[in-house]
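**Student:** One structure, as structure tokens, below. Some questions next.
Any read-out appearing in this document is the output of simple, stated calculations on the displayed coordinates, not a laboratory observation. Keep in mind the model is a prediction, meaning the values are calculated, not measured. So basically every Cβ, Gly included, is an ideal-geometry build from the backbone, and we count neighbours across all protein chains shown.
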Amino acid sequence: MEPTPPELGANTGSPRELVFDSREELLYLLGEAAELEHSIFCAYLYAAFTLPAEPEEGLTAAQVPAVAGWKRTINQIALQEMIHLALANNLLAALGGAPRLGRHNLPQRSPYAPEIRLTLAPFSEQTLRRFLYIERPEGMDISSIAGELDHDRPAPPVPTGPLVLPAPQAFSSIGQLYHGIERGLRGLVDRYGEERVFVGSPNAQASTRYFRVPDRMPELIPVTGLASAVTAIETIVEEGEGARGSWQGAHFGRFLNILEAYRAMKAADPSFAPARPSVTNPYVRVPRDLLGLATASGPAAPDDPRGIHLIQDPTTASVSDLFNACYAAMLQLLYRFFQHTEETDAELSMLGETTVLMMLQVLRPLGELLTRLPVGPQALGWTAGPSFMLTSATPVTPHKPAAWIILGERLRELAEVCDGLTAGAPEVLAGVRQRLAACAASLGPPDAAGREPEADTPAPAVDAPAADATVPSFERDIRPLFTERDRAAMRWAFDLGEAASVRQHADAILEQVAAGRMPCDAAWPAERVALFRKWVQAGSPD
């Protein structure tokens, strides 16, 4: 029988402290931390995308609520990892560093913490075990619950003298890395003074002032000095591994709860397989930084976390390319935010909100769609998934008028790509197309004379798609589903009569109506639930 908490509390001893001799080393390791947060975000989203929430996909009615809850939890954790990425970049910006939004393509083994394997894999017990190793509290031995992970790569050597050049350093957990960064910040402040250390502008940092994230997460704060830097670091560590040993509500504890519930359901029903059969690390073409790995590993089983699997189905490959192009466009929006020049507060808010919309209403439906599409004839019965491939997410020019033209142009191009795709889910692509066109319109290109539009002037409509009767709209199809009594009962949390409010909480609402716990008077019939789900999968159009 597996041990249960608190038997996981065995400590493996105090790890060696990281060495910080300069601002340069701090910037270097903060960049590595940002890359790690980015990769973790992608791995978590991939697993969440592979979880269905419908009885039609092999789940019984009794299993649907549990799996839907796991999916919602992993999506919430992934969103917090995106916020951790933003906080790491806030710390970089506060110290005068450039944003770090790039990363290596997956799969990768962390060269700094050998137990952290970063791979794109469907939800499974093995995947949950990897997540536990990523989030495990500093010094905790979790082998009794998660098993042993192989160590096939040596850690970097311990620095033996002053770090004239930035150097990689080994860490045993994410918490140790951030605690080391905190000590380095305190040492730098002692040496130079707080004013000379935190030289970056808070206006070049992500915060709730510019990014309206679901649930209004207050932890997205600008870093202006040592106190706010420590607060940002504590947020990252406490949300991941827990505060001073209290890990039950942190990412580690939440993943452990999912693992124990999964094992119990598997024991009760050995045929229980909640995830779609997605291959690991699917790519249309092997990225340059993975060519050596592909050559070395050779053919791999579809579920091998170390393997790379090529998408050979032409329709799936086209959707995969669209996903990766939209992912790169989202990162370009983030780059522009962190490295803006003359943007007004209203324009910065537009960049931030467009980034969030791209993540929730473009990448999510496309990622979910890919986990339902075939990978190709070489792996019959297996589906694909999003590869989050990075090739061209480079910052655009610092010149503001040109930058906004390029960003808007790219989003319009991607909207037009949707018109030529037939992926067996036209409602999803139509919703994505509508959202991309709306995002492009919000960026509003300069007029013919080269003047920029006023910040409060509505952007012109940009070849928005004609209304598609097959795609549910909020005004026509969704608002009538909720009665005034429903709206009054839920007004404390959100407004069921407003498209933006329902869109922001769509996943939670879908989970409740599918389980029959909402609305307040009686459970919906199956066709109403299906209509609401279709609207969500289509990108929640107005």
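**Student:** Determine the sum of side-chain charges near R136: Lys and Arg each +1, Asp and Glu each -1, restricted to other residues whose C-beta is under 12 angstrom from that of R136. Walk me through the numbers on the way to the answer.
**Tutor:** Values: positive: R129, R130; negative: E115, E135, E138, D141, E241.
Local net charge: -3.
**Student:** Put a dot 7 Å past each Cα toward the Cβ at Q312 and N257; how far apart are the dots in nm?
**Tutor:** 4.3 nm
**Student:** Please work out the FRET efficiency for the pair Q339 and Y192, using the Cβ-Cβ distance as r and a Förster radius of 22 Å; give the result to the nearest 0.05. Could you put the intermediate results ahead of the total?
**Tutor:** Details: r = 25 Å, r/R0 = 1.12.
For R0 = 22 Å, the calculated efficiency reads 0.35.
**Student:** First measure r as the distance between the Cβ atoms of R285 and A530, then evaluate 1/(1 + (r/R0)^6) with R0 = 35 Å and state the FRET efficiency to the nearest 0.05.
**Tutor:** Working: r = 36 Å, r/R0 = 1.04.
The formula returns an efficiency of 0.45 here.
**Student:** Please give, to one decimal in nm, the separation of the simple spin-label points placed at T224 and A273, each 7 Å out from Cα toward the Cβ.
**Tutor:** So the two model labels end up 5.5 nm from each other.
**Student:** In square nanometres, what is the average projected area of the Cα convex hull of the stretch 474-537? Working shown, then result.
**Tutor:** Numbers: hull surface 15.1 nm².
Taking the Cα atoms of the stretch 474-537, their convex hull projects to 3.8 nm² on average.
**Student:** I would also like to ask the following. Determine, for each peptide in 194-203, 510-519, the mean count of other beta carbons within 10 angstrom over its residues, then list the peptides with the highest first.
**Tutor:** Working: 194-203: 15.3, 510-519: 17.8.
Highest mean packing first, the order is 510-519, 194-203.
**Student:** Near R254, within a Cβ-to-Cβ distance under 12 Å, what is the net charge of the other residues, with Lys and Arg +1 and Asp and Glu -1?
**Tutor:** Numbers: positive: R72; negative: E135, E239, E241, E260.
Spelling it out: positives minus negatives among the neighbours equals -3.
**Student:** For an R0 of 41 angstrom, estimate the FRET efficiency from the Cβ-Cβ distance between R212 and M265 and round to the nearest 0.05.
**Tutor:** Values: r = 36 Å, r/R0 = 0.88.
After rounding to 0.05, the efficiency reads 0.70.
**Student:** Next up: For I83, what charge total do you get from the other residues with a beta carbon under 10 Å from its beta carbon, if Lys and Arg give +1 and Asp and Glu give -1? Could you put the intermediate results ahead of the total?
**Tutor:** Details: positive: none; negative: E37, E81, E219, E239.
Net charge around I83: -4.
**Student:** Next question. Residue by residue through the stretch 91-100, what is 3J(HN,Hα) from phi via Karplus (6.51 cos²θ - 1.76 cosθ + 1.60, θ = phi - 60°)? Round to whole Hz and write x for glycine and proline.
**Tutor:** Karplus-based 3J(HN,Hα) across the stretch 91-100 equals 4, 4, 5, 5, 8, x, x, 7, x, 10 Hz.
**Student:** Points 7 angstrom from Cα along the Cβ direction at A98 and A523: gap in nanometres?
**Tutor:** Here the answer is 5.6 nm between the modelled labels.
**Student:** If we count other beta carbons within 10 Å of each Cβ, what is the order of D486, D289, D313, fewest first?
**Tutor:** D289, D486, D313
**Student:** Hey, another quick one. Using the scaling law 2.2 N^0.38 Å as the reference, what is the normalised Cα Rg of the stretch 328-369?
**Tutor:** On the way: Rg = 11.4 Å, N = 42, 2.2 N^0.38 = 9.1 Å.
Computed over Cα atoms of the stretch 328-369, the ratio equals 1.26.
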